[in-house]
2 protein chains.
Amino acid sequence: METITIKDIAKALGLSTSTVSRALRNSYEINPETKKLVMEYAERMNYRPNPIALSLRDSKSKSIGVIIPEIANHFFSQLINGIESIAYNLGYHVVIFQSHESYEREVANTNYLVSRKVDGLLISLSSLTTNLFHFQDLMERGLPIVFLDRVPNAIETHKVVVDNFAGSYEATEHLIKSGRKRIAHLTSPIYLSITTERLAGYKQALEDYGLPFDESYVKYCYHGGKVATENEAAVQEMLEMPEPPDAIFTASDRLTTGCMSVLQKKNIKIPQQIAIVGFTNISVAELLNPPLTAVVQPAMEMGQQAVELLIRLIEHPQKTDVFETRSLKTSLIIRESSVGKAEAL
Amino acid sequence: METITIKDIAKALGLSTSTVSRALRNSYEINPETKKLVMEYAERMNYRPNPIALSLRDSKSKSIGVIIPEIANHFFSQLINGIESIAYNLGYHVVIFQSHESYEREVANTNYLVSRKVDGLLISLSSLTTNLFHFQDLMERGLPIVFLDRVPNAIETHKVVVDNFAGSYEATEHLIKSGRKRIAHLTSPIYLSITTERLAGYKQALEDYGLPFDESYVKYCYHGGKVATENEAAVQEMLEMPEPPDAIFTASDRLTTGCMSVLQKKNIKIPQQIAIVGFTNISVAELLNPPLTAVVQPAMEMGQQAVELLIRLIEHPQKTDVFETRSLKTSLIIRESSVGKAEAL
DNA sequence: CTGAAAGCGCTAACAA
DNA sequence: TTGTTAGCGCTTTCAG
């Protein structure tokens, strides 16, 4: 795997490495003829600067690290596509890691990316992260970080989120207006920002429409839906309540499909017996049985905005005095899973 | 972002950098006491070797590059999970890139990974890759590469695939036995290995059961399903044939869901009017309307075996005289989309 | 047992 | 306009 280096070019052309280096960077202080000579030779030999050497020298890498819970999730893969589309245009490479909803892996990935000298970090917290020291420490040491979707309250930096409260309110309102009375909420761990915000929107809608809020209709899945058994148990508990719900509002992709699976297995009719609205970007929502009503997040755009903010932070670190939190709008797409008259279970 | 280096430790302890380096690597030629001193200090200061410096020195990185068409696809994300699970245990990091089914991006990603000194490459070809020079060149220069799923015939190296012929044969046979007579095949570009193999299995089944093979029942999607319009047009063409198919065997995730979308829009009943079997790992197959019969690939295991082969190649380059192609089995999971009597369109 | 020095590829301050 | 040198962090001869 030998590759040609500046030294090789210098030797071949009888020049010094610095002259070659300067010529390649098109420095004004180099004789046009020399420049041409060098450029052409480099081109011919297919010279490529060694980014490792550059990183070592400059302690930067023109790359940004992304840590998300899971790739196998349409919301996150769209997020990545948004991130990549912008990053590549601005000359940055994107290195993707999955935390698999594990705090330990999030920390390990973070450390690795930092040691690899990424210029900045884009993070969506794992559902099990409660300690933020690994990020706080980095921020204090000057590493630019932007959070998206699952963001920490305790850290001051740019953030890109959706209006979870509004999205959740709208979903709940829709269920209420469709005549549902006992609306349950299946969600992620309470210490995630998205969980509390969605919960708040849900509560507010209930209150505004005069429905009682009953804590026992809210089930938290510690692993954010990753662990199927936990998921199933939560739905099962709902079904076994003295007054089972006539609608379930689910807070993520996994939670939604997991919930539908259980209902299907139990032959519970959706939406007649239980209506479903999912906070999800699942790609085949309209192919499901029944087609799924969904609160959709502009994932691509979230990714794009987040990189933009991050790269601005990287390239103009001093210029940032105030951090912004951008909040994008969700859209409620109504399909069959939530409409029509309720039937007793 | 200053981090502590060997030099700092040396200075603090009044030693030379080489002594510190050796102590940290637990070299036999270092006085146990010095060793202990250094180790403890390093531990206390949270010293981490700079991997960039190591890469520059050794031209290796303890990391492997993965280039796949698309993350937003269950088959590939499972593949990645398989790859990661093994790689981490063996101390390698995994760097993931998407070609987005574009030859140019595949080449660009390859070059980048190589310049970043990955120790090896795991590749699943883009649907538009016909020229293999970028890989051939690297292999000749000694870079270990293992292909998986979409593999090139023209390159000799380890490969991990599924038995596409058998999977396809089984799917087609199933449709025939369910009474279907005009079975169409919606597939990827013909120059992908998976396409020709699946096509061959399909043909063989038709032949074995005495059904005619009609080339016009086979539609190739140049972009492997990525471009929805192309996808739709292909299905549309099928429907407009003088004798439209009574079953469609689709060759990938995207092709399958795209096809189902079109049929749904046109109010064509599945499976009554057209039965569907998909060569797909889509996670919600059983939640679809109707639940989807699928040829499922052991994606996780494919990923695991591929990294194992790759890492073996990396760590014992000389020991490999023969390359192996591992072929794993698919499984046909029968659901409603392909059973029951056929009705005229 | 420990240290000095070179080198991985590149750039920039300093000299010429 | 070009060359020399040092240094980014680390390991490894080669010399003590």
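Filter the stretch A:123-142 down to residues that are in contact (Cβ under 8 Å) with a residue 24 or more places away in the chain and within 15 Å of residue A:323 (Cβ to Cβ) and give me whichever is surrounded by the most Cβ atoms within 10 Å (Cβ to Cβ). Walk me through how you get there before you give the answer.
Of all residues in the stretch A:123-142, those in contact (Cβ under 8 Å) with a residue 24 or more places away in the chain come to A:123-131, A:134-135, A:138, A:142.
Now narrow it down to the ones that are within 15 Å of residue A:323 (Cβ to Cβ): A:123, A:135, A:142.
Details: A:123: 27, A:135: 24, A:142: 9.
Here the residue is A:123.
Please indicate, with yes or no, whether at least one residue in the stretch B:319-330 is within 11 Å of another protein chain (Cβ to nearest Cβ), surrounded by fewer than 17 Cβ atoms within 10 Å (Cβ to Cβ) and out of contact with any Lys or Arg (no Cβ under 7 Å at 6 or more places or on another chain).
If we filter the stretch B:319-330 for residues that are within 11 Å of another protein chain (Cβ to nearest Cβ), which is where we start, we get none.
No; the residues of the stretch B:319-330 include none that is within 11 Å of another protein chain (Cβ to nearest Cβ), surrounded by fewer than 17 Cβ atoms within 10 Å (Cβ to Cβ) and out of contact with any Lys or Arg (no Cβ under 7 Å at 6 or more places or on another chain).
Conditions (1) surrounded by fewer than 23 Cβ atoms within 10 Å (Cβ to Cβ); (2) in a helix (DSSP H, G or I), marked per residue:
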{"position": "A:235", "(1), (2)": "no, yes"}
{"position": "A:255", "(1), (2)": "no, yes"}
{"position": "A:259", "(1), (2)": "no, yes"}
{"position": "A:267", "(1), (2)": "yes, no"}
{"position": "A:286", "(1), (2)": "yes, yes"}
{"position": "A:311", "(1), (2)": "yes, yes"}
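Can you tell me which residue is farthest from DNA strand C (Cβ to nearest atom) among those in the stretch A:7-48 that are modelled with pLDDT under 90 and within 14 Å of chain B (Cβ to nearest Cβ)?
Result: A:46.
Anything in the stretch A:313-344 that is assigned to a loop (DSSP other than H, G, I, E, B), touching a Pro at 6+ places or on another chain (Cβ under 8 Å) and farther than 19 Å from residue A:175 by Cα? List them, or say none.
Scanning the stretch A:313-344 gives A:317, A:329.
What tally of residues in the stretch B:17-42 results from selecting those that are within 10 Å of DNA strand D (Cβ to nearest atom) and either in contact with a strand residue (DSSP E or B) (Cβ under 7 Å, 6 or more places away or on another chain) or open to solvent by 80 Å² or more (accessible area, probe 1.4 Å) (or both)?
3
Restricting the search to the stretch B:132-182, which residues are aliphatic (A, V, I, L, M), outside any helix (DSSP H, G or I) and more than 14 Å from chain A (Cβ to nearest Cβ)? So that I can check it myself, show each step before the final result.
Of all residues in the stretch B:132-182, those aliphatic (A, V, I, L, M) come to B:132, B:138-139, B:143, B:145-146, B:148, B:151, B:154-155, B:160-162, B:166, B:171, B:175-176.
Keeping just the survivors that are outside any helix (DSSP H, G or I) gives B:132, B:143, B:145-146, B:148, B:151, B:154-155, B:160-162.
B:132, B:146, B:148, B:151, B:154, B:155, B:160, B:161, B:162, listed by residue number.
Looking only at the stretch A:62-74, filter to residues that are open to solvent by 10 Å² or more (accessible area, probe 1.4 Å) and either among the β-branched types (Val, Ile, Thr) or out of contact with any strand residue (DSSP E or B) (no Cβ under 8 Å at 6 or more places or on another chain) (or both); which one of those is farthest from DNA strand D (Cβ to nearest atom)?
A:74
Matching residues to (1) in a loop (DSSP other than H, G, I, E, B); (2) within 30 Å of residue A:10 (Cα to Cα):
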site	(1), (2)
A:39	no, yes
A:91	yes, yes
A:94	no, no
A:108	no, no
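If you go through the stretch A:191-202 one residue at a time, do you hit one that is surrounded by 20 or more Cβ atoms within 10 Å (Cβ to Cβ) and modelled with pLDDT under 95?
Yes, the stretch A:191-202 contains a residue that is surrounded by 20 or more Cβ atoms within 10 Å (Cβ to Cβ) and modelled with pLDDT under 95.
Can you report the number of residues in the stretch B:49-60 which are within 8 Å of DNA strand C (Cβ to nearest atom) and touching a strand residue (DSSP E or B) at 6+ places or on another chain (Cβ under 9 Å)?
Residues flagged as within 8 Å of DNA strand C (Cβ to nearest atom) and touching a strand residue (DSSP E or B) at 6+ places or on another chain (Cβ under 9 Å) within the stretch B:49-60 amount to 0.
The values are calculated or read from the model by the stated rules, or taken from the named source; none is laboratory data. Everything numeric in this text was worked out from a predicted model, so none of it was measured. Counting neighbours? That spans all protein chains shown, and the Cβs are built from the backbone with ideal geometry, glycine included. Surface accessibility is based on the protein's heavy atoms, side chains included, excluding ligands, DNA and RNA. Shrake-Rupley method; radii C 1.70, N 1.55, O 1.52, S 1.80 Å.
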